[in-house]
1. Could you pull out every one of the aspartates and glutamates with an alpha carbon less than 13 Å from that of LYS228, ignoring same-chain neighbours closer than 8 positions?
2. For the range 213-255 and the range 126-171, what is the separation of their Cα centres, given in Å?
3. For THR122, enumerate residues with amide H under 5 Å from its amide H, sequence gap 5+ or separate chain, H modeled in the peptide plane.
4. Using a basic spin-label model with each label point 7 Å from the Cα along Cα→Cβ, how many nm lie between ARG113 and PHE242?
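Any read-out appearing in this document is the output of simple, stated calculations on the displayed coordinates, not a laboratory observation. Since the structure is predicted, the reported quantities are computational estimates derived from the model, not experimental observations. Cβ sites come from the backbone with ideal geometry, for glycine too, and all protein chains shown count toward neighbours.
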Amino acid sequence: MSHNTSHNQCPVEFRAARFALSLHRAAHLLPAWRSIAAPVLYGILTYAPLAASEDNDAYSAVRADMVEHLKDYARVQDLDGEQLDPEVLAAMNQVPRHQFVPEGLRDHAYENRPLPIGYGQTISQPYIVALMTDLLNVDDDDVVLEVGTGSGYQAAVLAELAKYVYSIEIIEPLAEQATKRLQQLGYDNVTTRIGDGYHGWEEQAPFDAIMVTAGAENVPPPLVRQLKPGGRMVIPVSSTPFTQHLLLLEKTPQGTVETRQLLPVRFVPLTGDH
Ligand code: SAM
């Protein structure tokens, strides 16, 4: 099972991205406008404004089909012989995934595969989103930290289940787009920020659960410290330069950490100067 990070850009999307890149370069010539113009222009070219509720309705049947597919697809060995939690599946049925992908890819939003979201990054495969969410065992009183906001989709799924979600993204324009999108969709129990999630979010810690959605070289010690006793963390960690494994960490009430290696995955790397 692989979390494919290849960039499946369709030709129209690719042309739009190239045009956006040339505008981004042009914006570099105008330093005063650079920080504002490039993300805004990129956003206009690659994302349509969030559509009205009729648009959501147009995708509700295909979203329900995706959820049915995930039920069948769920590999029992990834979940100790259990099926995916119906509450996780219900959350996946609520979140309009097509609003989190570039407009040209909306018709692919409910396929069980990752999609490019710009800046060399991806929105994760729905099965991986469901599995990682399931493994966290989120309760409606929980405060959750996500590292790697990307499109904001995983944060929205977590927000359907948790009391509050904090999410950190290192790429500024992605963070800005995701923040706006989550606000427009009414996810007022999510706060995002720009930064290196390796260091966690000290001011909001401790967390009941932590999810890292980029491949790390090791388990960041600050994240372990910011996990409550009894809390859970899911994180893809490199075992060799070409392989990552999804790890599930549980902090015991006594504060020791138990780690299980679950399945091979492929995520974009956790970047930053940490
Ligand atoms: N959860 C996202 C979603 O639902 O769209 C998909 C995450 S994508 C596979 C990984 C994200 O992690 C990228 O957006 C990337 O920029 C971000 N990232 C990489 N390193 C990071 C870091 N050190 N801190 C925060 N975000 C990081």
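1. Straight-distance partners of LYS228: ASP142, GLU202, ASP208, GLU250.
2. Using only Cα atoms to place each centre, the spacing works out to 15 Å.
3. Amide H neighbours of THR122, under 5 Å, 5+ apart: ILE117.
4. 2.2 nm
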